[in-house]
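Okay, structure first, notes after.
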Amino acid sequence: MDLSQFTQAFFVEAVELLAQMEQLLLELDAEAPDSEQLNAIFRAAHSIKGGAATFGFVALTDTTHLLETLLDRARHGQLTLSRSMIDSFLETKDALQEQLMAYQAENEPDPERVAHICEVLRQLALESDGAQAAPAPAPVPAPAAVPAASAAAVSAPGGALRIRFSRLSDSECELLADELGNLGKLLSRTRSGDQLTVLLDTSCAPDDIVAVCCFVIDESQIEITAEPAGDATPAAAPIAAAPAAPAAAASQPAPAPAGPASRPASSSAAAAGAKDSSSIRVDVEKVDQLINLVGELVITQSMLTQAATMLDPVECERFLSGLGHLERNARDLQESVMSIRMMPMDYVFSRFPRVIRDVSAKLGKEVRLDTFGKETELDKGLIERIIDPLTHLVRNSLDHGIETPAQRIAKGKEAEGQLLLSAQHHGGNIVIEVSDDGAGLNRQKILAKAMQQGLPVTDTMPDDEVWQLIFAPGFSTAEQVTDISGRGVGMDVVKRNIQEMGGHVEISSREGWGTTTRIVLPLTLAILNGMSVKVGSEAYILPLSYVIESLQPRTEHLHSITSDGHVIKVRGEYLPLIELHGVFDVAGAQTDPTQGILVIVQAGETRFALLVDELLGQHQVVVKNLETNYRKVPGISAATILGDGSVAFIIDVDAMPRIQRAHVERATVLARAARAEPVAA
């Protein structure tokens, strides 16, 4: 039987179970372990073992069996936990993840690594009970905690198990019957509509049977009862073709595969099944395809709206009314589809307790992690890309920021340092902060290192600009290189990755009292709210989250600082003026600022004004990746299709000051060269 169609479901479930196991182990108090936590950790290991045995993953089965045995003894009070033992369990979790990744890549796990972790677990068992060795791995999953529905089966030695399945499709019926044949001897099997009843003579525990079947169907579709051996009548007739299902059953969608990990210890199978059947697993590619189609629908609706402006509103009243309904429905559909890709930040934050535990122990520091805004949602595409930058920032805070207990006490601080991870929505963005109460950044040390590396710095630079120097490639003030940080590679990658996601990084620090790194990201990269502007004959899109206001300046508000550079005074503040026609070499554009429109924008802590010819309006635009279809263009982050079918470029606001400086420097060099030509001649 080919089980390959179910292996991916197992891998996904197993990854979630391992993450759950790690989180529970980190929360577990070795001196006073919580029984519910121990039971949950045991169930996770047991579920992985059941699935691994089904698919023939021997190393994974053997390792989880040893772990499960220790956990079973711990939850029954037969084994005394210690911090070192929990560390070994965490090491086992890492080994299981490595094995899982190897099997997912269709490779065998490293035998030396497997042998090492199995020996660690056996040694723990030996130490816990003296001379007795840990039980050898069993080829068949060992009996464990049994659901209430199958409790009677355990008390009927020598009997069979009667297993009833409901709401089955034809393929599920055949697959389950074949799979159960691998777990024991089928004494009888009966098919009636979408129901299947099987009498199975097996040595497997009911819980193990449920664990295997849950990779095909939902637990709420399974009912197991004991059947005395004398009542079992062998009958192996083939399963007849299923008749048409009743209307009520036919109208009910088949539930998605759900792993046994979601079974609470205290709830019934039916309650757990009801919860599991309320969600389904969908491949990310399918969601992306749906989002793309909705984006095309929005563009089509925009085209119709654009064309409708030419119609007589009286003669075409019904058409225009219907078009208005289409616009509202398209927007609602767009928002609903986009919400499918949104994931809570807890997906990211949940992996840092382990990082902090391991790194702080290696550095000899005491660190407490606090998190806020774990429920804040971010696009899945961004949430996966933010993990590495956040990991680097957290490790930096642990290594360079938070001091050792002795240093903190000498400074009048608590011995235990605090690391704070927070996330919150702000307008159309999400703001993620990594904050510590450590030593903070040393301004003089950073400036000295920057001068040593030849960076253009001065002693009068504001703090915000000084802090940004740590993002320079190869920049590090660490006195010695460790395996955690200090090589000067990483912070520049952090900034570049954040910018590629359409965001920016801000730093605030107070020497001696801590540092806060703030990451500002758009909620999604698929659709954005934008302001369309006209420069010459070209249309551009400014992300609305950057726009503060727009105005038409007066002559007395404009001031020249160089032959090509201007600033504008807005309510007492002087802002740099960037002419978009000059940045993008657009012909026929307005060159007199007093005859154009200035859009005041803010990128990070920097405010500046963009000169455009005309404001066209505000609307949502579907973002199209420019690099995929063409190439990267300086100053342009992406493109979109407007209602009239034309292509408009989305401006990379963060890059504007840098491009403007390069443009002015190039013009200055050319001017100097031109002035020098007669002399050289």
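Between amide H atoms placed 1.01 Å from N, distances below 5 Å from V367 occur with G417, all of them 5 or more places distant or on a separate chain. When Rg and the Kirkwood radius Rh are both evaluated on Cα atoms of the range 285-341, their ratio Rg/Rh stands at 1.10. Ranked by the mean number of other Cβ atoms within 10 Å of their residues, highest first, the peptides 433-441, 177-185, 161-169 come out as 433-441, 161-169, 177-185.
For T524, the amide hydrogen comes within under 5 Å of no other amide hydrogen, counting only partners 5 or more places away or on other chains and with H modelled in the peptide plane. Taking the Cβ of A415 as the center, what net charge do the other residues with Cβ under 13 Å away carry, scoring Lys and Arg +1 and Asp and Glu -1? Result for the local shell: 0.
For L521, L333, the sequence from fewest to most other C-beta atoms within 10 Å is L333, L521. One quarter of the surface of the convex hull around the alpha-carbon atoms of the range 359-419 equals 4.8 nm², the direction-averaged projected area.
Find out how many positive minus negative residues lie around V282, taking Lys and Arg as positive, Asp and Glu as negative, among other residues whose Cβ is under 11 Å from that of V282. Before the final figure, lay out the partial values.
On the way: positive: R281, K286, R341; negative: D283, E285, D288.
Computed value for this residue: 0.
Between M101 and Q595, how high is the FRET efficiency from 1/(1 + (r/R0)^6) when r is the Cβ-Cβ distance and R₀ = 41 Å? Nearest 0.05.
Numbers: r = 62 Å, r/R0 = 1.51.
So the FRET efficiency works out to roughly 0.10.
Between V535 and Y540, D613, the built amide H atoms are under 5 Å apart, and every one of these is 5 or more places off in sequence or on another chain.
Rounded to the nearest 0.05, what FRET efficiency do K411 and S84 have when you use their Cβ-Cβ distance and R0 = 41 Å? Each step should come with its number before you reach the end.
Values: r = 31 Å, r/R0 = 0.77.
Once rounded, the FRET efficiency stands at 0.85.
Placing a pseudo-label 7 Å from each Cα along the Cα-to-Cβ vector at I387 and V314 gives an inter-label distance of 6.3 nm. Counting only DSSP beta bridges whose two residues both lie in the range 568-623, roughly 75 percent are antiparallel. Extension gain, D288-I659: 0.36 nm per intervening residue step, less the Cα-Cα distance, totals 130.3 nm.
Give me the number: length gained by fully extending M303 to H325, i.e. 0.36 nm times residue separation minus the C-alpha to C-alpha distance, one decimal in nm. The partial results should precede the final answer.
On the way: separation 22, 0.36 × 22 = 7.92 nm, distance 1.49 nm.
Fully extending the segment from M303 to H325 adds 6.4 nm.
Among S339, S397, S545, S82, the ranking by other beta carbons within 10 Å of each residue's beta carbon, starting with the fewest, stands as S339, S82, S545, S397.
Averaging over all projection directions, find the projected area of the Cα convex hull of the range 542-629 and quote it in nm² with one decimal place. All intermediate terms of the calculation are to be shown ahead of the outcome.
Working: hull surface 29.5 nm².
Seen from a random direction, the Cα hull of the range 542-629 projects 7.4 nm² on average.
Full-extension gain between K185 and T606, please, as 0.36 nm times their residue separation minus the C-alpha to C-alpha distance.
On the way: separation 421, 0.36 × 421 = 151.56 nm, distance 7.36 nm.
Full extension from K185 to T606 adds 144.2 nm.
Each Lys or Arg adds one and each Asp or Glu takes one away; over the other residues whose Cβ falls under 14 Å from the Cβ of Q595, this sums to -2. For K413, the lysines whose Cα comes closer than 30 Å to its Cα, not counting residues fewer than 8 places off in the same chain, are K362, K365, K374, K445, K449. Cross-link reach is defined here as a Cα-Cα straight distance under 29 Å, omitting same-chain residues fewer than 8 places apart; for K49 the lysines meeting it are K93, K185, K275. Bridgeable lysines around K380 (alpha carbons under 19 Å apart, same-chain partners fewer than 8 residues away excluded): K286, K624. Separation of the range 505-575 and the range 159-219 by C-alpha centroid, Å? Taking the Cα centre of each part, the range 505-575 and the range 159-219 sit 64 Å apart.
Rg(Cα) of the range 292-439 divided by 2.2 N^0.38 Å?
Values: Rg = 24.6 Å, N = 148, 2.2 N^0.38 = 14.7 Å.
So the Cα radius of gyration is 1.68 times the expected 2.2 N^0.38 Å.
With neighbours defined as other Cβ atoms within 10 Å of a residue's Cβ, the residues K286, K365, K624 order from fewest to most as K286, K624, K365.
Our summary gives the range 6-89 a relative contact order of 30 percent, counting only alpha carbon pairs under 8 angstrom and 6 or more residues apart.
Distance between the modelled labels on E465 and E627, one decimal in nanometres: 2.9 nm (7 Å Cα→Cβ projection).
Taken together, the values in this text are just the output of simple stated rules run on the coordinates, not laboratory data. Model, not experiment: these values are computed from the prediction. When we count neighbours, we look across all protein chains shown, and the Cβ atoms used for this are built from the backbone with ideal geometry, even at glycine.
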